[in-house]
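Everything on this sheet refers to the single structure shown next.
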Amino acid sequence: MGKKADIKLIREDGLRHDGRKPDELRPIKMEVGVLNNANGSALVEFGKTKVLAAVYGPRELHPRHMSLPDRAVIRCRYHMAPFSTEERKSPAPSRREIELSKVIREALEPVIFSELYPRATIDIFIEVLQADGGTRTTGITAASLALADAGIPIRDLVAGVAVGKVDGVLVLDIDQVEDEFGEADMPVAMMPTLGRITLLQLNGVLTPEEFKEALRLAEKGIKEIYKLQREALRKRYVEVSLEE
Ligand code: ADP
């Protein structure tokens, strides 16, 4: 962040380097139930960012002494595939991946009725197939679909998006270039119906007014993402059962 980009992040015509309006999301694709051997799964793409989420469980937790008597243990692993970045990333978990696994788990845990499954575990795997900014929020969006696909009772879905400030302009759904060369980036995840925030991080500098505006922008994006999540679930369940 902070470095000067060779390309203009906001062009003369007010549009972004990829032609988007400041409040426009990247083209989004979502598909639920893409894996045979997981209990639930989803593939979500935001522009060039592609993330796969798989959920196993609830199932018995081994070793048993790690289980909890009153609820399920939620475990989460965020991982970037070696081929997901321009320079091949080491497959070994980095500090960044360990930290992201924790914040993503914390972003998803509040929606799961884990008290229904004492002594069990629910495992969430997030595999970044292609990284171009916003992989944590895309991972959260995909994982909440995978939880729903696994039939795990949840209070709401969770949807996420990163907003940023580039060339002094607040923009929705930043990509890698905007993340790298912009002045601030703020990933947000929310329960769209209940309106509760489950992840909020800020790198860089915003004024209090910009922060409020950035949050409003994130909320607008999250509402749009939520609509697409519902459509993806409907496609998987309602339309499939009508066809049968
Ligand atoms: P997020 O993907 O949630 O925005 P970061 O802000 O940490 O997380 O990363 C921004 C982008 O930088 C990523 O989406 C990815 O495109 C790129 N990136 C992150 N880590 C690496 C890495 N180890 N190697 C190459 N590119 C990376």
| Counting residues that are of a type in the set (S, T, N, Q), which strands (runs of 3 or more DSSP E) fully inside segment 1-93 reach at least 1? | 40-46, 49-60
| request: Kindly indicate whether Gly139 is at pLDDT 95 or above and either farther than 19 Å from Ala189 by Cβ or part of a strand (DSSP E or B) (or both). | output: no
| field | Residue check, Ala54 closer than 16 Å to Thr121 by Cβ, surrounded by 20 or more Cβ atoms within 10 Å (Cβ to Cβ) and within 16 Å of the chain's Cα centre (by Cα) | value | yes
| message | Ile152 - would you say it is under 24 Å from Ser84 (Cα atoms) and part of a loop (DSSP other than H, G, I, E, B)? | response | no
| field | The one condition in (1) near the ligand (Cβ under 10 Å from one of its atoms); (2) without any contact (Cβ under 8 Å) to a residue 40 or more places away in the chain that Thr137 fails to fulfil | value | (2)
| said: On the basis of being within 14 Å of the ligand (Cβ to nearest atom), farther than 22 Å from Asp23 by Cβ and either modelled with pLDDT of 95 or more or crowded, with 21+ Cβ neighbours inside 10 Å (or both), does Ala131 make the cut? | reply: yes
| message | Residues that are closer than 21 Å to Ala232 by Cβ, more than 16 Å from the ligand (Cβ to nearest atom) and crowded, with 20+ Cβ neighbours inside 10 Å: does segment 96-110 have at least one? | response | no
| note | When every residue in segment 180-196 that is surrounded by 15 or more Cβ atoms within 10 Å (Cβ to Cβ) and among the hydrophobic types (A, V, I, L, M, F, W, C) is compared, the one farthest from the ligand (Cβ to nearest atom) is Met191
| said: When you check Ala218 against the structure, is it within 21 Å of Lys50 (Cβ to Cβ), buried (at least 24 other Cβ atoms within 10 Å of the Cβ) and at pLDDT 95 or above, yes or no? | reply: no
| Complete set of residues in segment 21-61 that are farther than 17 Å from Ala146 by Cα and free of Cβ contacts under 8 Å to residues at least 24 places away in the same chain | Lys21, Pro27
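The values are calculated or read from the model by the stated rules, or taken from the named source; none is laboratory data. Every value quoted in this text rests on a predicted model; they were computed, and no experiment measured them. Glycine also receives a Cβ, built like all others from the backbone with ideal geometry; neighbour counts cover every protein chain displayed.
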